[in-house]
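Let me begin by presenting the structure, written as structure tokens, before commenting on it.
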Ligand code: FES
Ligand code: FES
């Protein structure tokens, strides 16, 4: 089997994968990084969102082999020890999760949204979040958390 090497959460990793192995499978099954979830098989739910070379992407729609040399960040790589990333802290503070299944993907997408749009309003947040589905319909608090984190991330 071919092998692939990439940086995941600032660590160099490699593994042998099949041509059809998806990035989300590589993260979960080869590296044990199970914070990245699989909520659909149609690239619609966003639960699998990670950052690839600094951009938020759905890891169920990427082949691991295509990412040789890439820089990947997952939810496990966000906190600095016991210090949460401002987006994680805002989700905690604003009760932006219910069952939590969608939350890692929401957080990773939300950071991407803020990075791409430093001056966010609620309408923009709601529009940009359309690729992430929360089956608990907890969107109101999620949108509030993202707005609050955007302010923190400016500082
Ligand atoms: S598992 Fe990737 S979008 Fe649903
Ligand atoms: S918090 Fe349950 S799916 Fe989003």
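The values are calculated or read from the model by the stated rules, or taken from the named source; none is laboratory data. None of the values given here were measured: they were computed from a predicted structure. So basically every Cβ, Gly included, is an ideal-geometry build from the backbone, and we count neighbours across all protein chains shown.
Descriptive notes on the structure:
- Verdict on residue 51 being outside the structural domain of residue 134 (by TED's automatic domain parsing), under 27 Å from residue 137 (Cβ atoms), away from ligand 2 (no atom under 16 Å from the Cβ) and in contact (Cβ under 8 Å) with a residue 60 or more places away in the chain: yes
- One residue alone among 60, 40 is part of a loop (DSSP other than H, G, I, E, B), farther than 20 Å from residue 142 by Cα and not assigned by TED's automatic domain parsing to the domain that holds residue 129, and that residue is 40.
- Filtered residue count, segment 43-57, keeping only those that are more than 7 Å from ligand 1 (Cβ to nearest atom) and either over 19 Å from residue 11 (Cα atoms) or not in a loop (DSSP other than H, G, I, E, B) (or both): 7
- In segment 60-73, the residues that are free of Cβ contacts under 8 Å to residues at least 12 places away in the same chain reach residues that are part of a helix (DSSP H, G or I) with C-beta atoms within less than 9 angstrom, at least six apart or across chains, in these pairs: 66/23.
- Within segment 93-119, if we keep just the residues that are within 13 Å of ligand 2 (Cβ to nearest atom) and surrounded by fewer than 22 Cβ atoms within 10 Å (Cβ to Cβ), the residue that is farthest from residue 45 (Cα to Cα) turns out to be 94.
- Single match in 93, 89, 76 (criterion: touching a residue at least 24 places away in the same chain (Cβ under 8 Å) and closer than 18 Å to residue 33 by Cα): 76
- Residue list for segment 56-76, restricted to those being crowded, with 19+ Cβ neighbours inside 10 Å and closer than 15 Å to residue 31 by Cβ: 59, 62, 64, 67, 72, 73, 74, 75
- Restricting attention to segment 7-37, the residues being surrounded by fewer than 21 Cβ atoms within 10 Å (Cβ to Cβ), more than 16 Å from ligand 1 (Cβ to nearest atom) and outside any loop (DSSP other than H, G, I, E, B) number 8.
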